[in-house]
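Okay, structure first, notes after.
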Amino acid sequence: MISSQLLFLFSALGSINGIFLALYLFTRRSQRLTNSLLGGLLLAIGVRTGKSTFYYFYPDIAVEFLQIGMSACLLIGPLTYLYVQCHLADIGQKALGTAWRWHLLVSLLVIGIGITFPYSRYPHIWHHVLSGIHVYWAFYLLLAGKQLWQARPVWIGNEHGSSRQVILLLSVYFSSCLILIAYATTQLTSYIVGALSFTFSIHLTILTFLFQKEVQIEATRKEKYQNRKLADADVQSLLESLNQTMRDQQLYLNPNLTLALLAKKVGALQTTVSQVINENLGKSFNLYINEFRIQYAQKLLAHESHLTMELVAERSGFNSNSTFFAAFKKITGQTPASYRAAFASAPTGAAEIATALPDHQVSSHS
């Protein structure tokens, strides 16, 4: 029973995560067409392997579900070919053109014909069509393989791309080949092998690639800061401008205040403002803003005793009570309620001093 559950888990993992990964790729702005084609490929494979997984463990599922899975196979071959073509065009910095749409239109037309002759009414036809679908898939893999072979100088010694991009390209292609082989040889192995091959090939490869890319982006951002050091006088001038603008215009009372808006107010680049706050103050943008908000909240707690904690949080620029309580505790070391009680019982002079944050919280490190 346990082994069966684990087999179902790993088989379904690639399908479900592949579909979510496809939705993520559809929203990426960089290399939009390439990512969209890869997302479409993941979606088609995810639907196909999802059908295989549920049919293997629940053979009595509706036949309409079976037809959806088999129809998805008609898109896997063309999408693999188009992804390879588009990726090679990106590496070589060439335009792809518009002829690629015809490959998908042919597949969609065949899927439409399949809807006219559903699997539930013509199962004997679909049993023969399945072999044709695999041949159709293999035909496009041969076309993609030919393109890869002919474009060897582009992806072997290219100066525009990176080795990781090439590894992703080849991994997607050979994973598509592996999944096709797994499905075409189910009589010799097991029907579930196709779903498992998706989980442990293309899916994990793409997740690894995206994770490494995020790490590289973060490293690039740090390197960018290092190469853009500001003079001490410029840093001090910008800090004074930031603090003055925050106090005079009370920008921190805006719960939707962003780094871009603050940078616009002081007439500086967003990256420059972020760099100064991060490196010279040693804090994040959110902490920098919250310190002003907490200082304002302290005054409300001290002098507006009729205000509830919810109103204090709202008037201080916080979107939620939980964020207000967490920030107050982090910055002052006590809760808003305990601060109000301590202020009420403190001598007048000491209480007035307590309503201000230490100067070092809104100034540069010495």
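The values are calculated or read from the model by the stated rules, or taken from the named source; none is laboratory data. All values reported here derive from a predicted model rather than from experimental measurement. Cβ: placed from backbone, ideal geometry, glycine included. Neighbour counts: every protein chain shown. Ligands, DNA and RNA are stripped out before the accessible areas are found, and what is left, the full protein with its side chains, is counted by its heavy atoms. Shrake-Rupley method; radii C 1.70, N 1.55, O 1.52, S 1.80 Å.
Here are some notes:
- Per the listing Val172, Val135, Val129, the residue uniquely open to solvent by 70 Å² or more (accessible area, probe 1.4 Å), in a helix (DSSP H, G or I) and modelled with pLDDT of 80 or more is Val135.
Residues checked against (1) at pLDDT below 80; (2) farther than 26 Å from Val166 by Cβ; (3) assigned to a helix (DSSP H, G or I):
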{"position": "Leu38", "(1), (2), (3)": "no, no, yes"}
{"position": "Ile45", "(1), (2), (3)": "no, no, yes"}
{"position": "Leu105", "(1), (2), (3)": "no, yes, yes"}
{"position": "Ser120", "(1), (2), (3)": "no, yes, no"}
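- Candidate set: the range 295-309, residues that are of a type outside the set (Val, Ile, Thr) and open to solvent by 30 Å² or more (accessible area, probe 1.4 Å); chosen: the one nearest to Ala337 (Cα to Cα): Met309
- Residue tally, condition open to solvent by 40 Å² or more (accessible area, probe 1.4 Å) and farther than 23 Å from Gly112 by Cβ, over the range 62-97: 7
- Of the residues making up the range 231-285, those that are closer than 25 Å to Ala313 by Cα, charged (D, E, K, R) and either touching a residue at least 60 places away in the same chain (Cβ under 8 Å) or part of a helix (DSSP H, G or I) (or both) are Arg247, Asp248, Lys265.
- Residues of the range 115-134 that are touching a residue at least 60 places away in the same chain (Cβ under 8 Å) and not hydrophobic (A, V, I, L, M, F, W, C): Pro123, His134.
- Residue within the range 286-294 that is of a type in the set (A, V, I, L, M, F, W, C), open to solvent by 50 Å² or more (accessible area, probe 1.4 Å) and modelled with pLDDT of 90 or more present: no
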